[in-house]
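Right, one structure below, let's go through it.
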Amino acid sequence: MPYPPKERPRQGGKHGATHEQVERRTRFERARRESLQAPDDAAVLYGWHTVTAALQNPARRMRKLLATENAARRLAEEKVTTRPPPEIVRPDAIAARLPPDAVHQGVYLEADPLLSPAIEELATDGVVLVLDQITDPHNVGAIFRSAAAFSATAIVTTARHSPEATGVVAKSASGALEYVPLVTVQNLARALAALKERGFLVIGLDSSGEDDFDRIGLRQPLALVLGAEGKGLRQLTKATCDHVARLDLPGAIQSLNVSNAAAVALHVAHSRFKTRSV
């Protein structure tokens, strides 16, 4: 028996919802997601080591700290100073602010980015890493971690074609962003020239390099230049370096992931300088 005109059910979308209801839900979800997004000028940090290192860095200006009950209890037990005090939330409230595969470990922080020093402000000793358009945030984060482990002076990268020091980079760095200054430049060739003017020995690392890195007479201050996966160093970058060197490896595989190459080169340089100081 047909419905009377006023009682006929309205045709709807998913689960019988009307078109207007679907649009209303879509607008609500979009507004909810936008409300959870951090401001464009904020550094988003998550993960235990990343956040606690930032909280203990006096140079960081904090904006918002979220923590689960368990994480907040652990912060108190480990006497980590929290400024501002954490807002206690459920784990899914943090997950909703992050990419689907992000491992936040119950802590989330929005903070001001750290100030970028100028090339002219870098100390003329130690080792600086220079990144030539390395765009993979996991690699950049891992390089930061190695740089912190070997007490590198700074990391130099370009404003374009480089990931920001936030999110995945910060998580992969596991707190190293707080210990190694990031110098952002507009033109890498000019930055390398400025380093050379200040006395830096500039060595580009490339699998096709003519020199064996282990046989070069290293000295401080030293700048090690690393290129992107696949592409390697750009031609102008190579031309600006004092040497373009390869890492000769004893095994069947003669090339390394760029973050591993950075760790090996830092180890070689650190061992060489340590031996001389004994």
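Just so you know, all these numbers are worked out from the coordinates, no wet-lab data involved. Please read these numbers as outputs of a predicted model, since none were measured by experiment. Virtual Cβ from ideal backbone geometry, glycine too; neighbours counted across all protein chains shown.
Taking the Cα centre of the range 119-277 as reference, the dipole from Cβ charges on Lys and Arg (+1) and Asp and Glu (-1) amounts to some 100 debye. For the listed peptides 252-258, 111-117, a ranking on the average number of other beta carbons within 10 Å per residue, highest first, reads 111-117, 252-258. Here the gap between Thr135 and Ala96, fully extended at 0.36 nm per residue and compared with their Cα-Cα distance, gives a gain of 11.5 nm. Stretching Leu256 away from Thr124 to a fully extended chain increases their span by 44.6 nm, per 0.36 nm per residue minus the current alpha-carbon distance. Among the DSSP helices (H) of the chain, those spanning at least 15 angstrom by Cα along their long axis with an average Kyte-Doolittle hydropathy of -1.0 or more are 137-149, 258-277; this is a geometric and hydropathy rule only. For Rg and Dmax of the Cα atoms in Å, the value calculated from this model appears in (1) 18.2, 63; (2) 24.6, 99; (3) 17.6, 53 under label (2). Using Cβ point charges alone (K and R +1, D and E -1), the dipole size of the chain about the Cα centre works out to roughly 880 debye.
Taking θ as phi - 60° and the Karplus parameters 6.51, -1.76 and 1.60, the scalar couplings of the range 150-160 work out to 9, 6, 5, 6, 6, 10, 10, 8, 8, 5, 9 Hz in sequence order, x denoting glycine and proline. Gyration tensor analysis over the Cα atoms of the range 135-249 returns equivalent ellipsoid semi-axes of 22, 15, 15 Å (largest first, whole Å). Ordering 185-193, 237-245, 126-134 by mean Cβ neighbour count within 10 Å, with the highest value first, yields 126-134, 237-245, 185-193. Taking 0.36 nm per residue of separation and subtracting the current Cα-Cα distance, fully stretching the chain between His19 and Asn57 would add 8.6 nm. Take each peptide in 91-101, 39-49, count the other Cβ atoms within 10 Å of every residue, and average; sorted highest first, the result is 39-49, 91-101. Between Ala59, Ile143, Gly204, the Cα set farthest toward the positive side of the dipole of the chain (charges on each charged residue's Cβ, about the Cα centre) is that of Ala59. DSSP beta bridges fully contained in the chain are about 30 percent antiparallel.
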